[in-house]
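The values are calculated or read from the model by the stated rules, or taken from the named source; none is laboratory data. None of the values given here were measured: they were computed from a predicted structure. Positions of Cβ are generated from backbone atoms using ideal geometry, with glycine treated the same way; all protein chains shown enter the neighbour counts.
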Amino acid sequence: MSASVANGSHVNVAAGGTLLEVRSVAKKFGAATVLKNISLDIAAGEFLTLLGESGSGKTTLLRLIAGFEAPTSGEIWMSGQRLDTLPPYRRPVNTVFQHYALFPHMSVQENVAYGLHVKGTAAGEATSRAEEALRMVKMHEFAGARPAKLSGGQQQRVALARALVNRPQLLLLDEPLSALDANLRKQMQSELKSLQRELGITFLFVTHDQEEAMALSDRIALLRGGALEQIASPREIYGHPATAYAAQFIGQTNLLHADVRGGWAVCGALRWPTGEADGPAIFSLRPEVIACARGDEASAGAVAFRGVVRQQLFGGANETLEIACGPEQILRVRIPAAEPLSGEHTFTFFPADAIRVRA
Amino acid sequence: MQAATPSRRQPALSAYAMFVFAFIYLPVVVLIAYSFNRDGVGGFPPRHFTLHWYGQLFGDSAIWDAVLNSLLVAAGSVALALTLGLLAALALDRASFPGKALFRRLVLLPLILPGIITGLSLLMFAVFVNAPLNLLTVFFGHGTALISVATTELFAGLQKLDRAQEEASLDLGATPWQTFWRITLPNLKLSLIAAGLLIFTLSMDEIAVTFFLIGRDNTLPMEIWGRLRQGMTPEINAISTLIFVVSVALISIWYRLRTRTLRDVS
């Protein structure tokens, strides 16, 4: 996997061949440009997440692939077939909608069998496949119920069964968990993930929730203002964010606006060796890579600095500290749960953990 | 009727409201009361309760012919206005075409146009194409004049429709045609019924347009109108009472369906 490739390059994914190719796709609504020249590949069997704030263009990209919108320029290909010129009902993709969009005048069973009926599948086969799909999402006992009688989580499962019954090569999921409460959401996340593994169907998942994206995805495509900010595995994008935006959006970080001179980076009270060229540079320093050194001694190779604990937030397994290490320089530090801290302490980090990011 | 309940705080307003209601409904009450009066429309107060006039009404074949004619015209108008109104509403809701704003106003024009204008223009058209005046011309008159009612109602229904459902249908492999029949239309069911009831009621007691287009076969309002010229009989009161009851029933069903469609989607 070519790792920290950002902004529009094609990405080769080792596992499976390429299923879907988005080639230089742009989308304008009137004068507003919603997507700027996006290119990305999705590998067969992959769980790819489009992550971004509202207005980043993630849902528009999904709708272009589903066929509800046409690209202003660019092409979308799937398994050697051009997709963007086909109407939605001829595309081998299915969608799970944000608010499920179940048909209220049909039973759960009829909802799920709908895709088979309209394609002329024999009634007997349609019934058994619908039942199989409902069993897969543990909703077979509700086959006769109307969608209005179901809870949000149950409707979600039915929507999933309805989209999977057609056995699509690619399943599009448009913020499918956003309407669920926190606990149910966690549970559905894990069920979605295992379902995707079992079926081997490629998932293209849209969310604005970075935790959800990290928990589920093989790769994350981070969108910002209609452009691709970074596309990489969750670990890669967290460990080596390409830009300051990526570093801040995915997880928490300290952005250090440093000045590099003669192999040393300087930012306020902090000074550490670096291989970067001379000049201004931004570094991302995750809160958990900074350690609190009790007894005032630093481990070998680590950079030490003094900081005054300004605030301590207990988070169960860990503590989040806000430390002041100079005038107007506040750093966030995450350490394992400890006793209440106050006053000045020595903090350390390894220079390799300060990741150079683009502005 | 909340306004009719006396309120302690605003006695003047309550009295005014009661006066308005009396002004509207007292004539109807008088009309209904005299349909049960043995001595006909003369004399006050009405006395000697009788169902005689209803009996006479049920034996009056000319009235029932007129009722049948009215029902035929109304049923036809519902079908015509709903079909064309649905197409117009779909165009307004979904299509974008040059002159859409103008089209929208033109479609809704018959709502505000005096019936006499609509009637006269349709009559001139009938004369122009050399069509004989009969129930068919009345049916076309009602049907076209009421398209605007159907369009308004169905457009409101379409606006409330969850478009994601149609997208879901297309996404699952249904063609736009299948989507229309299996998803759009069933979801519009309440709007269609409501619009149909309203059009039916409006057609049943339409006079202005009918007046210009009627041939030999009378509709019910025209029959009543014709008889009134020979003097008022309590039989007219009786048929009017029946019309009133049926109209109120249909309008209340329409109103309830309408509020239900509005509530369902909010």
Of all residues making up segment B:215-226, the number that are buried (at least 19 other Cβ atoms within 10 Å of the Cβ) and farther than 19 Å from residue B:139 by Cβ | 1
Filtered residues of segment B:189-213 (kept if more than 14 Å from the chain's Cα centre (by Cα) and surrounded by fewer than 22 Cβ atoms within 10 Å (Cβ to Cβ)) = B:189, B:190, B:211, B:212
Residue check, residue B:121 within 30 Å of residue B:219 (Cβ to Cβ), part of a helix (DSSP H, G or I) and within 14 Å of another protein chain (Cβ to nearest Cβ) | no
Tell me which residues, restricted to segment A:146-174, are part of a helix (DSSP H, G or I) and within 13 Å of chain B (Cβ to nearest Cβ).
-> A:147, A:148, A:155, A:158, A:159, A:160, A:161, A:162, A:163, A:164
Those residues of segment A:19-77 which are among the hydroxyl-bearing types (Ser, Thr, Tyr) and not in a loop (DSSP other than H, G, I, E, B), in sequence order = A:24, A:33, A:39, A:49, A:59, A:60, A:73
Considering A:305, A:283, which residue is over 27 Å from residue A:234 (Cα atoms) and in contact (Cβ under 8 Å) with a residue 24 or more places away in the chain?
-> A:305
Tally time: how many residues in segment B:80-137 are exposed (fewer than 15 other Cβ atoms within 10 Å of the Cβ), among the aliphatic types (A, V, I, L, M), in contact (Cβ under 8 Å) with a residue 24 or more places away in the chain and over 20 Å from residue B:215 (Cα atoms)?
-> 2
Verdict on residue A:248 being free of Cβ contacts under 8 Å to residues at least 40 places away in the same chain and not in a loop (DSSP other than H, G, I, E, B) = yes
If you take the residues of segment B:170-182 that are more than 7 Å from chain A (Cβ to nearest Cβ) and either β-branched (Val, Ile, Thr) or under 14 Å from residue A:68 (Cβ atoms) (or both), which of them is nearest to the chain's Cα centre (by Cα)?
-> B:179
Is there any pair linking a residue in segment A:308-326 that is under 17 Å from residue A:286 (Cα atoms) to one that is polar (S, T, N, Q) and in a strand (DSSP E or B), with Cβ under 6 Å and at least six apart or on different chains, and which?
-> A:313/A:320; A:319/A:312; A:321/A:312; A:322/A:311
Among the residues of segment B:146-167, is any within 11 Å of chain A (Cβ to nearest Cβ), closer than 16 Å to residue A:113 by Cα, of a type in the set (A, V, I, L, M) and without any contact (Cβ under 8 Å) to a residue 40 or more places away in the chain?
-> no
Counting only strands (runs of 3 or more DSSP E) entirely within segment A:175-234, those with at least 2 residues that are at pLDDT 90 or above, within 15 Å of the chain's Cα centre (by Cα) and more than 27 Å from residue A:39 (Cβ to Cβ) are none
Only one of (1) within 12 Å of chain B (Cβ to nearest Cβ); (2) touching a helix residue (DSSP H, G or I) at 6+ places or on another chain (Cβ under 7 Å) is not met by residue A:51, so which one is it?
-> (1)
Enumeration of residues in segment B:210-236 that are within 15 Å of residue B:132 (Cα to Cα) and among the aliphatic types (A, V, I, L, M) | B:213, B:214
Segment A:56-74, subset more than 17 Å from residue A:166 (Cα to Cα) and small (Gly, Ala, Ser), residue nearest to the other protein chains (Cβ to nearest Cβ) | A:70
Scan (1) under 23 Å from residue A:22 (Cβ atoms); (2) touching a helix residue (DSSP H, G or I) at 6+ places or on another chain (Cβ under 9 Å); (3) of a type outside the set (Phe, Trp, Tyr) for the single condition residue A:233 breaks and write down its number.
-> (2)
Selection from segment A:37-55 of residues that are over 18 Å from residue A:24 (Cβ atoms) and of a type in the set (Gly, Ala, Ser) | A:43, A:44, A:45, A:52, A:54, A:55
The condition of being farther than 25 Å from residue B:183 by Cβ and more than 14 Å from every other protein chain (Cβ to nearest Cβ) holds, among A:191, A:125, A:131, only for A:191
Residue match in segment B:188-211 (condition: within 14 Å of chain A (Cβ to nearest Cβ) and free of Cβ contacts under 8 Å to residues at least 24 places away in the same chain) = yes
Among what's in segment A:103-114 and is in contact with a Leu (Cβ under 9 Å, 6 or more places away or on another chain) and surrounded by 24 or more Cβ atoms within 10 Å (Cβ to Cβ), pick the residue that is nearest to residue B:177 (Cα to Cα).
-> A:114
Which ones in segment A:94-121 are more than 8 Å from chain B (Cβ to nearest Cβ) and not in a loop (DSSP other than H, G, I, E, B)?
-> A:96, A:108, A:109, A:110, A:111, A:112, A:113, A:116, A:117
Which number in (1) of a type outside the set (Ser, Thr, Tyr); (2) away from every other protein chain (no Cβ under 11 Å); (3) crowded, with 17+ Cβ neighbours inside 10 Å marks the one condition that residue A:77 misses?
-> (3)
Among the candidates B:65, B:162, which residue alone is farther than 29 Å from residue A:103 by Cα, surrounded by fewer than 19 Cβ atoms within 10 Å (Cβ to Cβ) and of a type in the set (Asp, Glu)?
-> B:65
